[in-house]
Amino acid sequence: MKKHKFLIISILTFILFIVFFSEYNSNQTKKILDAERIKADERLRIAKEKIQQEDSTSIYIDSTFNNID
């Protein structure tokens with residue numbers, strides 16, 4: 001019985017370590033993904049602002065307008 005008891009305790013301990021590690025790993029992955037999402041949102045906002053600035057300040061000049069035949 002002692003051999004079986006040791007085996008059962010070892011297996012349960014191993015399972016607890018696996019569960020703890022997988023929970024820790026998923027929390028870390030979630031934090032990393034949230035940080036990347038925030039960075040991507042910030043880059044998208046900056047790109048939209050740049051496009052808006054270019055649209056509002058640039059004037060399109062037709063190059064064929066000044067051609068004299």
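Dipole orientation for the range 1-52: of the candidates 14, 47, 35, 14 has the Cα lying most toward the positive pole (charges on Cβ; Lys, Arg +1; Asp, Glu -1).
Charged neighbours of residue 42, selected by a Cβ distance under 14 Å, balance to +2 (K, R count +1; D, E count -1).
Between residue 17 and residue 32, residue separation times 0.36 nm minus the direct Cα-Cα distance comes to 3.2 nm.
Given their separation in residues at 0.36 nm each and the Cα-Cα distance between them, residue 8 and residue 42 gain 7.1 nm when the chain is fully extended. A straight Cα-to-Cα reach below 17 Å connects residue 48 with the lysines 39, residues fewer than 8 places away in its own chain not being considered.
Laboratory data are not the source of any read-out in this text; all were calculated from the coordinates shown. Here the structure is a predicted model, which is why all the values come from computation and not from measurement. Neighbour counts run over all protein chains shown; Cβ positions are idealised from the backbone, glycine included.
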